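Structure first, then comments.
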Amino acid sequence: MRVQLLDERIKEYLKKNYTTSVGKFDIYILFVERGLKWLKENAKLGFITPNLFLNRAYGSELRKFLLKDYSILQIIDFGDSGVFKAMASI
């Protein structure tokens, strides 16, 4: 979902209430932040997301957020595996 297409009031709300909402971010960034904040102590959370936040400017605050307060057990990059190949044609 392209945040840039949202109403200005919604964008301002997101920027005000999510520390990871920087630049031209994608909404999945905020899902990760919210999901982590809802976790109980010693709980685990998994997401399937694009890996763009790992090296794009808009992912910088999410990377900081993750490294500061959370332990990452594993990152699996499905990249060229073809796992999502059928989805690409939809």
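The values are calculated or read from the model by the stated rules, or taken from the named source; none is laboratory data. This is a predicted model, so every value here is computed, not measured. Using ideal geometry, Cβ is built from the backbone for each residue, glycine included, and neighbour counts are taken over all protein chains shown.
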- Query: Only one residue in E61, E41 is part of a helix (DSSP H, G or I), at negative phi and not aromatic (F, W, Y), so which one is that?
  - Reply: E61
- Residues of the stretch 1-38 that turn out to be assigned to a helix (DSSP H, G or I) and of a type in the set (G, A, S), as a count: 1
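So that you can scan it fast, the table gives a plain yes or no per residue for (1) under 21 Å from F78 (Cβ atoms); (2) among the β-branched types (V, I, T):
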site	(1), (2)
E12	no, no
T19	no, yes
E33	no, no
T49	yes, yes
N55	yes, no
G59	yes, no
L62	yes, no
- Filtered residues of the stretch 1-32 (kept if of a type in the set (K, R) and either under 17 Å from R56 (Cα atoms) or within 12 Å of the chain's Cα centre (by Cα) (or both)): R2, K24
- Message: Tell me yes or no: at least one residue of the stretch 52-60 is at pLDDT below 90 and either in contact with a Cys (Cβ under 7 Å, 6 or more places away or on another chain) or among the polar types (S, T, N, Q) (or both).
- Response: no
- Give the stretch 6-62 a look and list any residue that's more than 28 Å from D80 (Cα to Cα), aromatic (F, W, Y) and either touching a Ser or Thr at 6+ places or on another chain (Cβ under 6 Å) or surrounded by 12 or more Cβ atoms within 10 Å (Cβ to Cβ) (or both), or say none. Y13, Y18
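Residue-by-condition table, conditions (1) among the polar types (S, T, N, Q); (2) under 21 Å from Q4 (Cα atoms); (3) free of Cβ contacts under 8 Å to residues at least 40 places away in the same chain:
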residue	(1), (2), (3)
D26	no, yes, yes
V32	no, yes, yes
L36	no, no, yes
T49	yes, yes, yes
L52	no, yes, yes
S60	yes, yes, yes
L66	no, no, yes
- Item | Selection from the stretch 1-31 of residues that are over 22 Å from F47 (Cα atoms) and touching a Leu at 6+ places or on another chain (Cβ under 9 Å) | L6
